[in-house]
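These notes are about the structure you will find just below.
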There are 2 protein chains.
Amino acid sequence: MTAPAAGGAELDIILGLFVLLLAAKVGEEAFRRLGQPGVVGELLGGFVVGPNALALVVPGETAKALGGLGVVVLLFAVGLETRTDDLLRVGRPAVLTAVLGVVLPMVVGVGYGLLLGEEVFTTVFIGLALAATSIGITSRVLADLGVLERRFSRVIIGAAVIDDVLALILIGIVSGVASGDLGIATLILVVAAVGFVGLGFAAARRARGLRREVFTWPLFADTPLVPAFLVMLGLAILAQWIGLAAIIGAFVAGLIVAETEAQDELEHEIRPLASIFAPFFFAVTGAQIDLTALLRPELAIAALVLAVLGVTAKVLGGVLGARELGRWGALAVGVGMAPRGEVGIVVVQLGLSLGLLSSDLFSAVLIAVVLTTVAAPVLLGTVIPRATLAEEAVAAGGGLDHDAACARAETR
Amino acid sequence: MTAPAAGGAELDIILGLFVLLLAAKVGEEAFRRLGQPGVVGELLGGFVVGPNALALVVPGETAKALGGLGVVVLLFAVGLETRTDDLLRVGRPAVLTAVLGVVLPMVVGVGYGLLLGEEVFTTVFIGLALAATSIGITSRVLADLGVLERRFSRVIIGAAVIDDVLALILIGIVSGVASGDLGIATLILVVAAVGFVGLGFAAARRARGLRREVFTWPLFADTPLVPAFLVMLGLAILAQWIGLAAIIGAFVAGLIVAETEAQDELEHEIRPLASIFAPFFFAVTGAQIDLTALLRPELAIAALVLAVLGVTAKVLGGVLGARELGRWGALAVGVGMAPRGEVGIVVVQLGLSLGLLSSDLFSAVLIAVVLTTVAAPVLLGTVIPRATLAEEAVAAGGGLDHDAACARAETR
């Protein structure tokens, strides 16, 4: 037995947790006062105290791991508020949005790369980095604005999960082709990824109405929290083992648990965990952003162009894919799909390690990914109130044509 | 921005969290079914999956840091359930118990060491390692049995805090003398340690009736949890910076917050956090126990003798120091003071690094510290129900003599 409560490592993490959490909350406060989504303030708060600005904290492995746990808990909480019935009801726009949201950024990325005179494989990596949606940021904004139960929110969440599966498959195929090793392994990956999400969804359907006692089996637990938490960790591990993001596993776990009778209780018990660790995740992420790279003009321009192209492609994917949600709803979906995150970064790091991306191109794509992450919540803050209004108008208008109802909502 | 949600380090921690938490809950289940305190099952569950047994997980820096955070949250929760009024009411027995609980183990340790023919300084380190109480284990048992509001519980908690301050001061003096460097630094240490606990207590008295809005200042937070969590982290850092255990700072933070109007709300919100991270702490601790050292007979005997002496000295300290609580209450206090933890381990590591403890003596003292930690909750499980009964009898008997009331309770 050594001394967990007295070691230097622990002071580091408590100190890091303190500084990052404080920065996150001060940033959130400032941004909410400005009428902006708090999560952007948390990201910038982390950036300000992080190694690229004031350097008060340098997040180590532990802080990053704790942040990773935070976003896992956040997506579990989002899953807990999502019903499979609602996802099925938005199946068509979600699938369309996901497919277009992968294809269009690929086209844009490849086109831009070819214009620059890059090799085809390099351009594919640029496209792939722009194609991967990160649902962490958007789901936080949706939860903050209290619109998780809206139709456009469900389309975004469903599309983001499908998007992650598609991106994983494409990464497998592209890196297989790039390394001349496309075969059984890639096939297994595809089957496992589709199977995981499919089986998870089926499990959620079967879990409907499961009694609370499943979790509080004699003596095992006083509350369903710890057993449900174990399910969350287990599926996050499984998802990551397959090659999907851990957060997809956590979301699926939330979906499953949400159908049981313990849903209400768990939704209350997971909130304190999410309220501490999710802001910590965003602050840790912010601390790792190097916005100072924007001071190099040629990098800044390339990154800005890529970011604008990337956001535009995703918005277009949403507007076309979720057309049936009306103008504002479809726009909300498109903007909601815009933030790239972990997966995009994994792609560029893979491209760098395969020698397909130059150091400058790597930096430019990386900054573009970061810019989409910071820009999306700001855009969402503008679009979502209108989309909500439009959706309410449709609901009130009953048989009205969508666009007409939205127009009516706008003129209010 | 790198990829917290996709890195290998994060899979490690999620996997480690999963395995250790599962082991902890299975162990807890088994021990509660056997009528034993669940925390022993959590410790043994951690040992079984840890590197000294099945080696399914090897807790790294991150797991230890997360465990350290767990025990910080646990002590904050204990502080939240403690009122300064109640602590003041048990001032005399708590101070007596703390002083005797340091002096008697010192006497026993020095005596045993001299019998073995060790040098005086070496014997002082043995005594010091036996003197430091760790409140983590006991407070968990008290919380599990729902007796935190009992008089004996308050004496234990108050005495453990004073004990930690005394132990810190003694460690400062002893290592100062050992390294021939006793001076201003030691004096500052003493003043800072006493000052921290004293000022914390005074702050708690001043915080009485503070409105909930102190924590939920406009927009800053929807719930008081995050601001209160920041207070906890801040005082934990301050305590550790002074040289006290981080958990003392967390306990003082809990004391302060407990006097405000947010107490009730926070008590509910901290529970989910404690229910995940406290078992994780005990499992991580268990994973670091090397019970296999007990297979070496000469080590096992030395460790057992030291453990028995150590527990006896602490029990005696409680029985004498808390005499006014009646026979069973005083016994509960003594047993509650028995588990040693981090501080004891820090002391032996210090002794080893100063060259005052041989490797074998180091191992023996370390195992003795671990044995007190595992034995105490088992003993508490037997003593506390009787102490509770006795206390109820006293309350019912009004003016009755304590021992008479206890005798009456026993004959029920």
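Miscellaneous remarks
- Note on chain A: with charges restricted to the Cβ of Lys and Arg (+1) and Asp and Glu (-1), its dipole about the Cα centre is near 700 debye.
- In Å, descending, principal axis extents of the Cα set of region A:28-75: 34, 30, 11
- Dipole orientation for chain A: of the candidates A:T373, A:G127, A:V90, A:V90 has the Cα lying most toward the positive pole (charges on Cβ; Lys, Arg +1; Asp, Glu -1).
- Region A:81-150 and region B:309-363 have Cα centres spaced 60 Å apart.
- Distances between copies at A:A30, taken between label points 7 Å from Cα along the C-beta direction, are 5.2 nm in increasing order.
- Residue mean of other protein chain beta carbons inside 10 Å, B:245-253: 2
- 10 Å Cβ neighbours from other chains, averaged over peptide A:274-284: 2
- Helical runs (DSSP H, four residues minimum) scored at -39500 (n - 2.57) apiece and divided by the length of chain A put the mean residue ellipticity at 222 nm at -26000 deg cm²/dmol.
- Taking packing as the residue-averaged number of other Cβ atoms within 10 angstrom, the listed peptides B:236-245, A:290-299, A:81-90 run from highest to lowest as B:236-245, A:81-90, A:290-299.
- R0 of 22 Å, Cβ-Cβ distance B:T382-B:E149: FRET efficiency to nearest 0.05: 0.60
- At most 11 other Cβ within 10 Å, DSSP loop - trypsin sites (Lys or Arg not before Pro), region B:185-264: B:R211
- Taking the label point 7 Å along Cα→Cβ, B:V58 and its counterparts in the other copies are spaced 2.5 nm apart, in ascending order.
- Panel note: the C-alpha atoms of the protein assembly as shown, placed on their principal axes, show extents of 85, 55, 49 Å (largest first).
- Relative to the other identical copies, A:G117 shows label-point distances of 8.6 nm, where the label point lies 7 Å from Cα along the Cβ direction and values run shortest first.
- Dipole magnitude of region A:60-130 about its Cα centre (Cβ charges: Lys, Arg +1; Asp, Glu -1), debye to nearest 20: 200 debye
- Averaged over the residues of peptide A:230-237, the number of Cβ atoms from other protein chains lying within 10 Å of each residue's Cβ is 4.
- For region A:1-143, the direction-averaged projected area of the alpha-carbon convex hull comes to 13.6 nm².
- Calculated FRET value between B:E298 and B:A30, using beta carbons and R₀ = 30 Å, to 0.05: 0.40
- Applying D = kT/(6 pi eta Rh) to region B:236-327, where Rh is the Kirkwood radius over alpha-carbon pairs, T corresponds to 10 °C and eta to 1.306 mPa s, the Stokes-Einstein value obtained is 92 µm²/s.
- Packing around the peptides A:93-101, A:114-122, taken as the average count of other Cβ atoms within 10 Å per residue, puts them in this order, highest first: A:93-101, A:114-122.
- Cα gyration tensor, region A:167-309 - rounded (a/c under 1.5), prolate or oblate: oblate
- Of the residues A:L230, A:L295, A:F277, the one whose Cα sits farthest toward the positive end of the charge dipole of region A:211-297, with +1 on the Cβ of Lys and Arg and -1 on the Cβ of Asp and Glu, is A:L295.
- Span-like helix criteria (full DSSP H runs; alpha carbon extent of at least 30 Å along the helix axis; mean Kyte-Doolittle hydropathy of at least 0.5) are satisfied in chain A by A:8-33, A:91-115, A:151-178, A:184-206, A:297-321, A:359-397.
- Set of lysines near B:K64 by C-alpha distance (under 25 Å), chain-local residues within fewer than 8 positions excluded: A:K64, B:K25
- About the centre of its Cα atoms, the protein assembly as shown shows a dipole size close to 940 debye [charges on the beta carbon of Lys, Arg (+1) and Asp, Glu (-1) only; nearest 20 debye].
- Theoretical FRET efficiency, 1/(1+(r/R0)^6), r = Cβ-Cβ of A:E119 and B:A395, R0 60 Å, to 0.05: 0.10
- Gyration tensor (Cα) of chain A, equivalent ellipsoid semi-axes in angstrom: 30, 28, 24
Bear in mind these aren't lab numbers, they're just calculated from the coordinates by the rules spelled out. What you see is a predicted model, and the numbers here were worked out from it, not measured in a lab. FYI the Cβ positions are ideal-geometry reconstructions off the backbone, even for glycines, and counts take in every protein chain you see.
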